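Structure first, commentary second.
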Amino acid sequence: MIMGKNLTVYPRQEDVVPFYNRASVVLNLSNKRDFVETFGLTALEAMTTALPVIVPTVGGIAEMVTDGVEGYKIDVSDLDSIERRIAEILGDYGLYATLAQNARHSAGEFSEEAMVSGVEAALRN
């Protein structure tokens, strides 16, 4: 469903990969006054596809992102900062490439292999 010149709203998708493949940056703008993201699967999926992310400043999702490394942590109410960061990321190829590479690397910490290894190590201890 097209909502305007620059906004299209899609229903729930079974396969989100095509959306990440077309994206340049992924924003998760959960408002901490309404709820707190406990994990942040959308950010992790984006990072797995080497996309820089902008995430809230609190919650589990914020723990996955080091500000300025895989993307940025910005309060959802600070729209000016969000706009500036998007322009900065998209306007500086070197910065974009570094954030994208760091995002993919950090996402590896949440791979199936890393998770199984972590659980096994916890059980051994």
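The values are calculated or read from the model by the stated rules, or taken from the named source; none is laboratory data. Being a predicted model, the structure only gives us computed values, none of them experimental. Cβ atoms come from the backbone with ideal geometry, glycine included; neighbour counts cover every protein chain shown. Only protein heavy atoms, including side chains, enter the accessible area calculation; ligands, DNA and RNA are left aside. Shrake-Rupley method; radii C 1.70, N 1.55, O 1.52, S 1.80 Å.
Quick look at the values:
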{"quantity": "The chain - mean residue ellipticity at 222 nm from DSSP helices (-39,500 (n - 2.57) per run, n ≥ 4, rounded to 500)", "calculated": "-14000 deg cm²/dmol"}
{"quantity": "M115, M47, reordered so the largest accessible area comes first (probe 1.4 Å)", "calculated": "M115, M47"}
{"quantity": "Of the chymotrypsin sites (Phe, Trp or Tyr not before Pro) in the stretch 1-65, those whose Cβ has at most 14 other Cβ within 10 Å and which sit in DSSP loop", "calculated": "F35, F39"}
{"quantity": "Nearest-20 debye value, the chain charge dipole, Cβ charges on Lys, Arg, Asp, Glu", "calculated": "260 debye"}
{"quantity": "Loop-resident sites, the stretch 7-70, for trypsin sites (Lys or Arg not before Pro), counting at most 10 other Cβ within 10 Å (DSSP)", "calculated": "R12, R33"}
{"quantity": "Cleavage-rule hits, GluC sites (Glu not before Pro), the stretch 1-74, DSSP coil, Cβ neighbours within 10 Å at most 14", "calculated": "E14"}
{"quantity": "DSSP beta bridges in the chain [antiparallel fraction, %, rounded to 5]", "calculated": "25 percent"}
{"quantity": "Of every Cα-Cα pair in the chain, the percent that sits beyond 25 Å", "calculated": "29 percent"}
